[in-house]
1. Kindly state, to the nearest 0.05, the FRET efficiency for Ser202 paired with Asp178, given R0 = 25 Å and r defined as their beta-carbon distance.
2. Just want to confirm a number: the relative contact order over the chain, from Cα pairs under 8 angstrom separated by 6+ residues, in percent.
3. May I ask you to rank His105, His171, His61 by accessible area, largest first, using a 1.4 Å probe over the protein chains only?
4. Below 8 Å, C-alpha to C-alpha, sequence gap of six or more: please give me the relative contact order for the stretch 34-118 in percent.
5. Select one label from [x] -0.43, -0.83; [y] -0.58, -0.97; [z] -0.61, -1.07: the one whose number is log10 I(q)/I(0) by the Debye sum over Cα atoms at q = 0.11, 0.15 Å⁻¹ as derived from the coordinates shown.
6. With a 1.4 Å probe and every protein chain left in place, work out the accessible area per residue of the stretch 131-204 in Å², rounded to a whole number.
7. Given Cβ point charges of +1 (Lys, Arg) and -1 (Asp, Glu) and nothing else, what value in debye, to the nearest 20, does the dipole of the chain about its Cα centre take?
8. Pick from Ala23, Ala80, Ala90 the residue whose mean-square fluctuation is largest in a GNM of the chain, springs joining Cα atoms under 10 Å.
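The values are calculated or read from the model by the stated rules, or taken from the named source; none is laboratory data. Computed from a predicted model, the values in this text were never measured in an experiment. Because the Cβ atoms are built from the backbone with ideal geometry, glycine has one as well, and the counts that use them run over all protein chains shown. Note: areas computed on protein heavy atoms with side chains; ligands, DNA, RNA excluded. Shrake-Rupley method; radii C 1.70, N 1.55, O 1.52, S 1.80 Å.
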Amino acid sequence: MNIFENFKLLKLDMEEKGWIIDAFSFSFKKVDYIVLVKLFQNNEVKKNEFALLKVEFLKVHNINDNLAIEANVRELFTDAKTLRKYFNIAWSDNIGEILSQFQQHFAKFIPKEVISSKSKLLEKAIIKSLSESDSEDPDKVYCYGVRRNPNKEKRTVFNDNKTKLLRSKLHEKFQNDDSISFCYSKDDEREKSDSEIIMNFSKS
């Protein structure tokens, strides 16, 4: 039974729209979670050969309290003890049935496609993940310029998706030239408008 069939549909939509990460909300036992869905990148080794994508649960009240696992349309690749501990599921004789009910409940929250309008909370979680994957400070969210990469290096998919989320119009301007990367700062006073960034780049 493909209980997580929506993962397959979401993955296809992410690939079609150029996203390597998406996020949605999930609640269980009165606890709210952010769920990050991530595509495997080139040369990235899967822990489970049958995995379709990566899933990371983050507790809204503390996004550093997380559970990162792999998944496909049939299952979440982790053991029952890990699920019980993270989601505070008490042990009982019918634990298999309870975990099955948990999965059925979770499956109802998985979207079939990328939802473009994200809450600030979901956006923050996505940016944090993208920045960390790109060895960047997650607080660097203020775009102040673009630069031509040396030696014809391509911008990272993380830098690309970060800009696609934070500065969609600027991203559109340079999306077809992947030798250009977008520059970010923690200082909001350094932030420039799209027109300023484009003008400064044309002068360089």
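1. 0.85
2. Dividing the mean separation by the residue count of the chain yields 19 percent.
3. His61, His105, His171
4. In percent, rounded to a whole number, it is 18.
5. Entry [y].
6. 62
7. In debye, rounded to 20, the chain gives about 140.
8. Checking each option, the largest mean-square fluctuation is seen for Ala90.
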